[in-house]
1. Condition (residue is over 23 Å from residue 231 (Cβ atoms) and surrounded by 17 or more Cβ atoms within 10 Å (Cβ to Cβ)) applied to the range 169-190: is it met by at least one residue?
2. Is it true that residue 183 is under 30 Å from residue 139 (Cα atoms), touching a strand residue (DSSP E or B) at 6+ places or on another chain (Cβ under 9 Å) and either away from ligand 1 (no atom under 13 Å from the Cβ) or free of Cβ contacts under 8 Å to residues at least 24 places away in the same chain (or both)?
3. Residues to consider are 8, 22; find the one that is within 16 Å of ligand 2 (Cβ to nearest atom) and in contact with a strand residue (DSSP E or B) (Cβ under 9 Å, 6 or more places away or on another chain).
4. Regarding residue 212, is this residue over 20 Å from the mean Cα position of the chain (by Cα) and surrounded by 12 or more Cβ atoms within 10 Å (Cβ to Cβ)?
5. With the structure loaded, tell me whether residue 105 is more than 30 Å from residue 231 (Cα to Cα), modelled with pLDDT under 95 and in the same structural domain as residue 26 (by TED's automatic domain parsing) or whether it fails that test.
6. Condition first: closer than 17 Å to residue 237 by Cβ, near ligand 2 (Cβ under 10 Å from one of its atoms) and not assigned by TED's automatic domain parsing to the domain that holds residue 63. Can you find one or more residues in the range 170-180 that meet it?
7. Scan the range 123-144 and tell me whether some residue there is more than 25 Å from residue 233 (Cβ to Cβ), surrounded by fewer than 15 Cβ atoms within 10 Å (Cβ to Cβ) and in contact with a strand residue (DSSP E or B) (Cβ under 8 Å, 6 or more places away or on another chain).
Ligand SMILES: Cc1cc2nc3c(=O)[nH]c(=O)nc-3n(C[C@H](O)[C@H](O)[C@H](O)COP(=O)(O)O)c2cc1C
Ligand code: SF4
Ligand code: SF4
């Protein structure tokens, strides 16, 4: 059983490859939260995985809350693991996993950074290089899971991981302001942003999206997946590009 959270597809891409390699099934955390579903049963010898993006050297609030509410009576031989999917550095994001569940192994996988308020999306050629390398690293994760090896591998903790996480995660926790979102004249009122928001806080008003709460996940699913690139966040996202992992279906 593999739980995953994704905005632009990288975590789904990882979860899907692990599911294929370990003959496992996948469950979308956003759909569970929408359905208020937190109780699951696990079979003997089954593995339990969580695949998620790293946000501000920590984990998305929605994933943190999901793990706190998750109710799965584990078997004596359940192997539990987490995969931290990052654009470059996880720092000490594993802390937030360890606080919420007892895991056998935690892995770090680097894919493509989608944080467009600060970074430009890398070129298509570099995306392919990154994802090829990620596929190779995911295959190593699959070997660990199949052999039920404890510990895990994370080569993306960066320098001073504990300090970095303790500072940056506060920015995320208290700074997730939806007032930075704007919509331009390219919006065609298709309603996709409203439909896919994992927090269900976007509502269309006369065909234009309105963010109904002050804070959100800042997952940027709405921004990256808008078919007209009509959504921006702050001043930089218009020039920094859009990204969706094209090796997976969203
Ligand atoms: C709000 C936000 C914060 C992020 N913070 C980090 C970070 O601290 N370290 C990092 O390496 N990548 C960071 N990223 C990049 C994502 O972790 C990365 O692009 C990930 O692959 C996205 O996964 P997804 O495609 O499954 O949504 C951040 C992205 C977002 C949207
Ligand atoms: S997804 Fe884009 S085009 Fe569709 S309603 Fe939202 S902002 Fe408008
Ligand atoms: S409003 Fe956009 S960024 Fe915020 S949670 Fe919804 S989809 Fe994600």
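The values are calculated or read from the model by the stated rules, or taken from the named source; none is laboratory data. Worth saying up front: this structure is predicted, and the values here are computed from it rather than measured. A quick note on method: Cβ atoms are made from the backbone with ideal geometry, for glycine too, and the neighbour counts reach across all protein chains shown.
1. Taking every residue of the range 169-190 in turn, at least one turns out to be over 23 Å from residue 231 (Cβ atoms) and surrounded by 17 or more Cβ atoms within 10 Å (Cβ to Cβ).
2. Working: under 30 Å from residue 139 (Cα atoms): no; touching a strand residue (DSSP E or B) at 6+ places or on another chain (Cβ under 9 Å): yes; either away from ligand 1 (no atom under 13 Å from the Cβ) or free of Cβ contacts under 8 Å to residues at least 24 places away in the same chain (or both): yes.
So residue 183 does not fit the description; no.
3. On the way: 22 fails: within 16 Å of ligand 2 (Cβ to nearest atom).
Sole residue among the options that is within 16 Å of ligand 2 (Cβ to nearest atom) and in contact with a strand residue (DSSP E or B) (Cβ under 9 Å, 6 or more places away or on another chain): 8.
4. Working: over 20 Å from the mean Cα position of the chain (by Cα): yes; surrounded by 12 or more Cβ atoms within 10 Å (Cβ to Cβ): yes.
The answer is yes for residue 212.
5. Working: more than 30 Å from residue 231 (Cα to Cα): yes; modelled with pLDDT under 95: no; in the same structural domain as residue 26 (by TED's automatic domain parsing): yes.
No, not satisfied.
6. Taking every residue of the range 170-180 in turn, none turns out to be closer than 17 Å to residue 237 by Cβ, near ligand 2 (Cβ under 10 Å from one of its atoms) and not assigned by TED's automatic domain parsing to the domain that holds residue 63.
7. Yes, there is a match, as at least one residue in the range 123-144 is more than 25 Å from residue 233 (Cβ to Cβ), surrounded by fewer than 15 Cβ atoms within 10 Å (Cβ to Cβ) and in contact with a strand residue (DSSP E or B) (Cβ under 8 Å, 6 or more places away or on another chain).
For every residue, the table says whether it meets (1) over 20 Å from residue 117 (Cα atoms); (2) touching a strand residue (DSSP E or B) at 6+ places or on another chain (Cβ under 9 Å); (3) without any contact (Cβ under 8 Å) to a residue 24 or more places away in the chain.
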residue: 178; (1), (2), (3): no, yes, no
residue: 188; (1), (2), (3): yes, no, no
residue: 204; (1), (2), (3): yes, yes, yes
residue: 210; (1), (2), (3): no, yes, yes
residue: 218; (1), (2), (3): no, yes, no
residue: 224; (1), (2), (3): no, yes, no
residue: 227; (1), (2), (3): no, no, no
residue: 236; (1), (2), (3): no, no, no
